[in-house]
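The values are calculated or read from the model by the stated rules, or taken from the named source; none is laboratory data. What you are looking at is a predicted structure, and each value in this text was computed from that prediction instead of being measured. A quick note on method: Cβ atoms are made from the backbone with ideal geometry, for glycine too, and the neighbour counts reach across all protein chains shown. These accessible areas exclude ligands, DNA and RNA; they are computed on the full protein's heavy atoms, side chains included. Shrake-Rupley method; radii C 1.70, N 1.55, O 1.52, S 1.80 Å.
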Amino acid sequence: MQFELRTQVIEPTRKTFSHLVRRYGDRPASRYEEGTIDLQAVTNFHYRPLWDPSREIYSPDYSVLKLTDVYAYTDPRQFYYAPYVTARADLHEAFGSTLDYLEKRGMFDRLPPAWSSLVQDILLPLRHYEAAAQMISSAAARFGWGATITQCAAYAAFDRIGNAQMLSRVGISFGGGSADCLDLAKTAWIEADTWQPLRKLVEETLAERDWGKALIALDTMDRVLYTLFYTHLDDVAIASGAGSYSLVAQHFSSWFADQRRWLDALIKAWVADPEHGATNAAAISQTALAALGEIHEALCPVASAADALIDDNCHITLDTTVAQVRDAYAALGVNLEA
Amino acid sequence: MTIAPKAARKLTMKQRYSALTRDLDWEPSYVPAEELFPYTRFEGIKIHDWSKWEDPFRLTVDAYAKYQAEKDKRLYAVLDGFAQSQGHLSLTDASYLNAMKLFLQGVTPLEYQAHRNFAYLSRHLNGPGPRFASLCQSLDEMRHAQTEIHTLSNYNKYYSGFHDYLHMHDRVWYLSVPKSFFDDALSAGPFEFLIAIGFSFEYLLTNLLFVPFMSGASFNGDLPTMTFGFSAQSDESRHMTLGLEAIKFLLEQDEDNVPIVQHWIDKWFWRGYRVTALVAQMLDYMLPRKVMSWKEAFELYFEQQMLGGLFQDLAFYGIRPPRDVEKAIQEKDYISHQAYWILYQFSHAAAFTTSVPSDEHLDWLEEQYPDTFPTYRKLWDKERKNVENGGRHFVRGLPQLCQVCQIPMGFTEADDPFIQCQRETIFEGERYNFCSDGCKNIFDHEPVKFRQSWLPVHQIYQGNCGAADLPGVLQWYGMQPGDGGEYLGSVDHENWLAWHDMAETTGGN
Ligand SMILES: [Fe+2]
Ligand SMILES: [Fe+2]
Ligand SMILES: [Zn+2]
């Protein structure tokens, strides 16, 4: 049966799904809301996991960080799959044009020698850090409680492997199309004294079974590391005629600004929770404080290595960054005084 | 530092992919590997060399994002256009949407479960190759969950049965069939999950599960669902190659893996096949415009493609077809009739409607099932008389459920359509009932797991479902008037008639 195009408007009998009406009242819901809120099963699980019979398949107890109402938290970016991949398609396209430009103009070859060494010795090994960040984020995507948080974590996991791939593509370009520079960077990550404290810290963070604490530890490390390598060194690079470093770094700092949005909102929600706020704040403070001390120490040899190459004051920047991270946590309601 | 040599050796595509994915990994030395990957030993699977994993596809993050964003742009354009033009009025009939209600209630939450557990694999498999492949699949499954919700969201605005599918998935009796299936997979270890979902669900049974819904959509004017189906196809082909690589990898790593994998194939074939009973009845009874019969679908997508193709290849590894496959083949002649009869009698407690098939429909069924359908036709003839006398049949009591698949015990012995098949096991003094040897075998292998089943009927008896009487339970389920029962005269049916009257009188303006 085919019908003509109708002029008559048929009034919908419902504006959206019942679970959204219960939460938000009888109003139309956004695609983010329909695609996210209450998506995870919360009750009547059939079997306990063989790999951890003490818990349910999904449970708030996989972390000490809890929300009374998980869906009180939503992603400020309102990312469901379609806008997420669209945003990332744009990001990677922009990065791809940067890389094309750098290659076409032979920009990596034109780097001042010290900056060339910095790319090799400091920037490229970070791809392994990003790979670990994927795994930590993936754990949160599996073990987190509530689809709003786990969705953000899942996209962050994919972002991190994307960041690792962007750094790897820089490495391939930098190596004239070969993997030689990536191999050198990997050897440095595994063997060089400069990187061992950070690698140790990363492996220990991977071993953390509490997904919330692991996320906070990673984020604390990220805050310091991203500021140092992608914001501070970006500025220095411009001043030192290392434009290609800056062109690469900007993509990472703008990604990190996006990452901050969902994480800062989440930390705020954890701290402000009517029931768990105090416990959350204490656990975040404890975890972040420890991670901040550790990342400070772990990045000292890296900052020294950078200073030795480009004669900058990365060391001092590292110290100030650590102080800024304390302030940033304080602004979110987490006291990081030892 | 060493300056990169000028005449560098360019990477091949394969080397480049490996540099962008598995080469990111390193051997941990500050924390023991067993502590970083605690879940890959207890299942008894032996992996000697993770690097032997062959990447099932080569998609980098940038290419993935670009490709998927383009697909979603096209899909959402179709959804928007369909909603704006009141496209739902061009369906063959409102009753078609029963298939989609079942899909949203039963399948979409499984996509989400897959999303979560492929994230688990992307963290907890030791090998970076399968971790990255799993990460991509985890994202795809989120895509499927959300695009399905958005595809069917428009129907929810005009039709019953869709509105509380998540709440219902956690509670309602027939939805515990798919839910327990996926809970079973999530509560298994990572290797069993790979075989359960990656291989059995995504490869062995995927065409039987999905093609009937998608073809049903295209035959019945459901452009959004059809478009979703096409759009998901390229994701699914990646999932199929992942599933195939997973099984080959496990089998090639160690001979001792073969019997473990064989057991999982036996288990997950039957587990998945039982879920397809819902698809079987949908295909034969819920589509106003028929696509093919369940029997044809089973012969094509399972007997020809899997038994005739896949298992010939797997024989090389010492793998034989699933243990209870003969029973499934016998059942193809009657499973849909028995499954729909169960749903028909209990649809007053469901969020879809049922009805006595029309004469034309009964004739079609008889053509498709010349040997078995005459028996069931008598049932429908009798029921039609009941309906004419105002006595439409609903079962007021509660059925007994199979402890494993959780389908009400309504399937019969293969050689007698009047003898209900019932098997039982006594475990630690407790009696458990099963619909089939397949389900009993699964229980007997893991009694400690399957005695935990959250059986909806038991739960009602134990007072865990809001009330002891039917209206109370339905309220606890989140059912609203019009969600279930008989289709003829239902809210959807009445609206459909009214809207089409209206459409015809105002049509052509
Ligand atoms: Fe899927
Ligand atoms: Fe899939
Ligand atoms: Zn059963």
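Here are the numbers:
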read-out: GNM result for chain A, Cα springs below 10 Å: residue of A:Ala114, A:Ala239, A:Ala291 fluctuating most strongly; value: A:Ala239
read-out: Chain A: relative contact order in percent, alpha carbon pairs under 8 Å with at least 6 residues between; value: 21 percent
read-out: Sequence of A:Asp311, B:Asp23 from largest to smallest accessible area, 1.4 Å probe; value: A:Asp311, B:Asp23
read-out: Long-range HN-HN contacts of B:Cys402 with modeled amide H, under 5 Å; value: B:Ile407, B:Met409
read-out: Spacing of the two label points (7 Å from each Cα toward its C-beta) at A:Ala323 and B:Arg320, in nm; value: 7.5 nm
read-out: For segment A:161-186 versus segment B:167-198, the gap between their alpha-carbon centres in whole angstrom; value: 40 Å
read-out: Cross-link partners of B:Lys382 among aspartates and glutamates (Cα-Cα below 19 Å; sequence separation of 8 or more within a chain); value: B:Asp359, B:Glu360, B:Asp363, B:Glu366, B:Glu486
read-out: In nm, spacing of pseudo-spin labels at B:Ser90 and B:Glu366 (7 Å Cα→C-beta vector); value: 3.6 nm
read-out: Extended-chain gain in nm, criterion 0.36 nm per residue less alpha-carbon gap, A:Ser253 and A:Asp61; value: 65.8 nm
read-out: Distance between segment A:218-276 and segment A:128-149 - C-alpha centres, whole angstrom; value: 18 Å
read-out: For chain B, calculated [θ]222 nm from helices alone, where every DSSP H run of n ≥ 4 adds -39500 (n - 2.57); value: -17000 deg cm²/dmol
read-out: Dipole axis of chain A (+1 Lys, Arg; -1 Asp, Glu on Cβ), positive-most option in A:Pro12, A:Trp262, A:Tyr84; value: A:Pro12
read-out: Cα-centre dipole for segment A:81-331 with unit charges at Cβ (Lys and Arg positive, Asp and Glu negative), debye to 20; value: 540 debye
read-out: Positive-pole candidate from B:Asn257, B:Ser231, B:Pro178, dipole of segment B:177-269, charges at beta carbon; value: B:Ser231
read-out: Debye, to nearest 20: dipole size of the protein assembly as shown, +1 on Lys, Arg Cβ, -1 on Asp, Glu Cβ; value: 620 debye
read-out: Residues B:Lys385 and A:Val9, FRET efficiency given R0 of 60 Å [Cβ-Cβ distance, rounded to 0.05]; value: 0.90
read-out: Dipole of segment A:230-336, positive end: most advanced residue of A:Gln250, A:Thr320, A:Ala282 [Cβ charges, Cα centre]; value: A:Ala282
read-out: FRET efficiency estimate (nearest 0.05) - Cβ-Cβ, A:Ala207 to B:Arg289, R0 51 angstrom; value: 0.35
read-out: Two-decimal Rg to Rh for segment B:162-243 - Kirkwood Rh, Cα set; value: 1.02
read-out: Sequence-separation-based contact order of segment B:52-505, relative, with Cα cut under 8 Å and 6+ spacing, percent; value: 18 percent
read-out: Among the listed pairs B:Lys73/B:Lys267; B:Lys290/B:Lys332; B:Lys295/B:Lys378; A:Lys15/B:Lys101; B:Lys157/B:Lys385; A:Lys213/B:Lys71, those beyond 29 Å (Cα-Cα); value: B:Lys73/B:Lys267; B:Lys157/B:Lys385; A:Lys213/B:Lys71
read-out: Cα-centre dipole for segment B:52-505 with unit charges at Cβ (Lys and Arg positive, Asp and Glu negative), debye to 20; value: 820 debye
read-out: Cα-Cα pairs of segment A:81-331 separated by more than 30 Å (percent); value: 25 percent
read-out: Rg/Rh ratio calculated on Cα atoms of segment B:52-505 (Kirkwood radius); value: 0.95
read-out: GNM result for chain A, Cα springs below 10 Å: residue of A:Thr279, A:Thr321, A:Thr74 fluctuating most strongly; value: A:Thr279
read-out: Gyration tensor (alpha-carbon) shape descriptor, segment B:306-436, a/c threshold 1.5; value: oblate
read-out: For segment B:385-489: relative contact order, % (alpha-carbon pairs under 8 angstrom, 6 or more apart); value: 19 percent
read-out: Modelled FRET efficiency - R0 35 Å, A:Glu297 with A:Gln78, Cβ distances, 0.05 increments; value: 0.35
read-out: Cα gyration tensor shape of segment B:220-278, rounded if a/c is under 1.5, else prolate or oblate by comparing a/b with b/c; value: oblate
read-out: Residue-averaged 222 nm ellipticity for chain A, from DSSP H runs of 4+ at -39500 (n - 2.57), nearest 500; value: -21500 deg cm²/dmol
read-out: Centre separation in Å (Cα based) which lies between segment B:25-67 and segment B:417-475; value: 38 Å
read-out: Interface A:B - total buried accessible surface [probe 1.4 Å, Å², rounded to 100]; value: 9300 Å²
read-out: Three semi-axes of the equivalent ellipsoid, segment B:368-474, Cα gyration tensor, whole Å, largest first; value: 30, 23, 9
read-out: Proximal aspartates and glutamates to B:Lys46, defined as alpha-carbon separation beneath 19 angstrom and excluding residues fewer than eight positions away on the same chain; value: B:Glu27, B:Glu34, B:Glu35, B:Glu54, B:Glu192, B:Glu245, B:Glu252, B:Asp254, B:Glu255, B:Asp256
read-out: Total formal charge among the other residues, if their Cβ is under 12 angstrom from that of B:Leu104, Lys/Arg +1 and Asp/Glu -1; value: -3
read-out: Computed label-point distance, nm, for sites B:Arg9 and B:Ala414 using a 7 Å Cα→Cβ extension; value: 5.7 nm
read-out: Ranked order, B:Glu111, B:Glu360 - accessible area, probe 1.4 Å, largest first; value: B:Glu360, B:Glu111
read-out: For segment B:1-87: rounded, prolate or oblate by the Cα gyration tensor [a/c cutoff 1.5]; value: oblate
read-out: Phi-based couplings in Hz for segment B:152-164 (Karplus 6.51, -1.76, 1.60; Gly and Pro marked x); value: 8, 4, 5, 5, 4, 6, 10, 10, 7, x, 8, 5, 9
read-out: Net charge of neighbours whose Cβ lies under 14 Å from the Cβ of B:Lys179, counting Lys and Arg as +1 and Asp and Glu as -1; value: -1
read-out: For the protein assembly as shown: Kirkwood Rh in Å [reciprocal of mean 1/r, alpha carbons]; value: 28.7 Å
